[in-house]
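Here is the structure we will look at.
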Amino acid sequence: MPLAINEATFESCHENFLAYMQQNGHGEPFTNFQHPFLVKDEIAYKWAAYQRGQAALTLDKWRRWKPGEGKIIQAAKDACLPGIGANWLEHRFGAKGNSDAPLYRVKGSRQIKDFEEQLHTLMMGGV
């Protein structure tokens, strides 16, 4: 099914967006994605979350860690904490329903090793 856009509605919404950005950006019109309000309200916290996540993952150590020791899963759990990733994951359903629940479902040395091998491949590209 082809996408149909109502041009009048789109233009109205776009004008409202531009007015909102200018009003909240202390009079500066929106011309690009470096607009101070957009950076402050929508971009800066994501970069901060990215940096916290990278620090928590400690990827520089993963090449030395052997899958099956539990260190890789622990680093992934640390990176998924609510204070690290801001709104990356849902943390409102309790331990069994959160977005990071699979990290807590692996049990036993074989599952831990297999899962850590998969995480290593995902994050390090298999090297």
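Quick note: the coordinates plus some simple rules give every number you see, no bench work behind them. Just so it is clear, the structure is predicted and the values come from calculations on it, not from any experiment. Reconstructed Cβ throughout: ideal geometry from the backbone, glycine too, with neighbour counts over all protein chains shown.
In the chain, taking the dipole from charged Cβ atoms about the Cα centre, the farthest positive-side position among PHE30, GLN118, ILE84 is held by GLN118.
Of the trypsin sites (Lys or Arg not before Pro) found in segment 34-122, those in coil by DSSP whose Cβ has at most 11 other Cβ atoms within 10 Å are ARG63, ARG64, ARG92, LYS96, LYS107. Just so you know, the Rg over Rh for the chain is 1.17, from Cα atoms, with Rh as the Kirkwood radius. In a DSSP loop and with at most 12 other Cβ atoms within 10 Å, the chymotrypsin sites (Phe, Trp or Tyr not before Pro) in segment 21-127 are PHE33, PHE93.
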